[in-house]
Amino acid sequence: MNGQIGADSVAGHAESRPLGPGALLALLTALSAFGMLATNLYLPSLPSLARTLGTDARGAQATLSVFLAGFAVAQLIAGPLSDRYGRRPVLLAGAALYAAASALCAMAQSLDAMLAFRVVQAIGACAGTVLVRAILRDLYQGPALTRAFAIITTFMAAAPGFSPLIGGVIETGWGWRANFIAIAVFAALAGLAAWRWIGETNRHPISGLSPAAMARDYLLLLVRPAFIGPAAAVALALGGLFAYFAATPALFVGQLGLTPAQFGLIPAGTVPAVFLGGALAPGLARRLGERTAIFLALALMMAGGALMTVLFMTQPPGLVMAIAPFVLFLLGLGLVNPLATAAAVRPFPHHAGTASALIGFLQMAAGTLTTLTSTLLPLPSNLALPVTILACAVLGIGLYAITPRQD
């Protein structure tokens with residue numbers, strides 16, 4: 001492997017339906033965005049959804065929490081299934097289920113129905129995200145693996161920036177149900193493209209699968225510092241991201257009076273920080289070493305969280321104080337996401353699906369906990385968010401410190 005993302009790096013991904021490496025990464029990026037689209041496209045519509053379904057803000061936010069919980073648990077099954085039966089069948093089944101459940105969400109007439117459909121939607125969506133990480137580990141090695149993760153994780157982390165903007169425009173023009181119709185169409189198109197162009201990449205499927213074996217494999221990963229350190233770092237980084245996008249609709253739309261479309265412009269304006277971090281990540285890892293680069297990323301996140309906490313404690317709520325510190329956090333997230341993800345899956349080539357599933361579970365578990373924490377902390381609502389973000393960064397640094405040196 002020469003370390004470049006080229007045709008040799010993706011040879012064998014689909015014997016009869018070859019794609020160029022750039023097109024393959026674009027398709028994998030679309031598949032990896034399933035979860036982020038389902039969690040962020042409809043955020044500007046939460047007030048409208050609450051009115052239509054006869055619930056309050058907490059009920060509307062529960063549609064996000066149940067999705068994250070379902071997504072987290074379902075990954076623990078999808079990953080090992082792909083290690084045993086192959087990436088392709090699990091990926092295609094997940095895409096079909098995701099598309100169907102998204103259409104059902106668009107037709108929901110009650111909060112209970114919406115919550116049920118969101119759980120089913122999460123089960124389908126997880127196949128895209130978890131299997132993309134496994135497919136990358138199947139196809140790439142060395143620096144090429146880090147670069148591939150940098151490309152895909154950067155776009156995946158940036159999806160929350162673009163999707164609320166798009167969702168706000170859709171909601172303004174056609175109502176909140178149209179957001180779920182758009183997700184269903186996107187899922188169907190991405191699933192058809194995967195069926196046409198992605199072949200089986202798991203060349204060494206495991207010979208057996210049982211609940212006991214799955215539990216053993218997950219336990220072995222959880223006690224390996226080489227896995228849990230970087231996996232926890234990236235999970236907490238994304239937990240801070242989830243907390244921000246779950247809490248800010250109430251702040252920006254509810255308190256500051258922005259329209260859904262105006263709210264959508266805010267996360268879109270922060271996306272360049274994620275792209276910058278992702279673009280810098282491979283070079284920083286090469287010059288500083290992967291471990292130092294990850295610590296630098298976590299320090300940037302901590303600085304952003306600390307600055308936001310100080311501002312929220314000393315100033316009345318405002319746009320600048322809620323956005324500027326978070327840009328610093330996002331720069332760190334853009335760095336840590338590809339570096340820590342690659343570090344976590346690299347040592348486990350024969351259980352890439354299981355490792356990827358556990359990374360995804362930890363990310364969604366962190367997202368679920370942080371979204372709940374930001375609403376349940378015994379603090380003023382405006383202060384709970386920055387404290388949650390700061391805590392994610394501090395915990396990330398502490399847990400990554402247990403990772404043994406490898407560079």
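The values are calculated or read from the model by the stated rules, or taken from the named source; none is laboratory data. Here the structure is a predicted model, which is why all the values come from computation and not from measurement. Ideal geometry is used to build each Cβ from the backbone, glycine not excepted, and the neighbour counts take in all protein chains shown.
Output yes when any residue across the stretch 319-341 is polar (S, T, N, Q), buried (at least 18 other Cβ atoms within 10 Å of the Cβ) and more than 30 Å from residue 139 (Cβ to Cβ), and no when none is. No, there is no match, as no residue in the stretch 319-341 is polar (S, T, N, Q), buried (at least 18 other Cβ atoms within 10 Å of the Cβ) and more than 30 Å from residue 139 (Cβ to Cβ).
Report yes if residue 91 is under 22 Å from residue 185 (Cβ atoms) and out of contact with any Lys or Arg (no Cβ under 6 Å at 6 or more places or on another chain), otherwise no. Yes. Residue-level check: of (1) at positive phi; (2) at pLDDT 95 or above, residue 121 misses just (1). If the condition is being free of Cβ contacts under 8 Å to residues at least 12 places away in the same chain and closer than 20 Å to residue 54 by Cα, then the stretch 88-126 contributes 112, 113, 116. Looking at the stretch 51-87, which of the residues that are in contact (Cβ under 8 Å) with a residue 24 or more places away in the chain and not in a helix (DSSP H, G or I) is farthest from residue 242 (Cα to Cα)? For the stretch 51-87, the residue satisfying everything is 86. Taking (1) more than 12 Å from the chain's Cα centre (by Cα); (2) closer than 25 Å to residue 302 by Cα; (3) modelled with pLDDT under 85; (4) surrounded by 24 or more Cβ atoms within 10 Å (Cβ to Cβ) in turn, residue 373 satisfies each apart from (4). Restricting attention to the stretch 189-202, does a residue exist that is closer than 26 Å to residue 338 by Cα, in a helix (DSSP H, G or I) and either β-branched (Val, Ile, Thr) or in contact with a His (Cβ under 7 Å, 6 or more places away or on another chain) (or both)? Looking through the stretch 189-202, none of the residues is closer than 26 Å to residue 338 by Cα, in a helix (DSSP H, G or I) and either β-branched (Val, Ile, Thr) or in contact with a His (Cβ under 7 Å, 6 or more places away or on another chain) (or both). Listed conditions (1) more than 24 Å from residue 329 (Cβ to Cβ); (2) without any contact (Cβ under 8 Å) to a residue 40 or more places away in the chain are all met by residue 258, apart from (1). The residue that is farthest from residue 60 (Cα to Cα), counting only those in the stretch 101-123 that are small (Gly, Ala, Ser) and outside any helix (DSSP H, G or I), is 108.
Would you mind stating whether residue 144 is under 19 Å from residue 34 (Cα atoms) and of a type in the set (A, V, I, L, M, F, W, C)? No: the conditions fail for residue 144. Test residue 45 against the stated conditions and say whether it is under 30 Å from residue 212 (Cα atoms) and surrounded by 24 or more Cβ atoms within 10 Å (Cβ to Cβ). When the stated conditions are applied, residue 45 does not pass them.
Being within 22 Å of residue 339 (Cβ to Cβ) and in a helix (DSSP H, G or I) is not true of residue 269.
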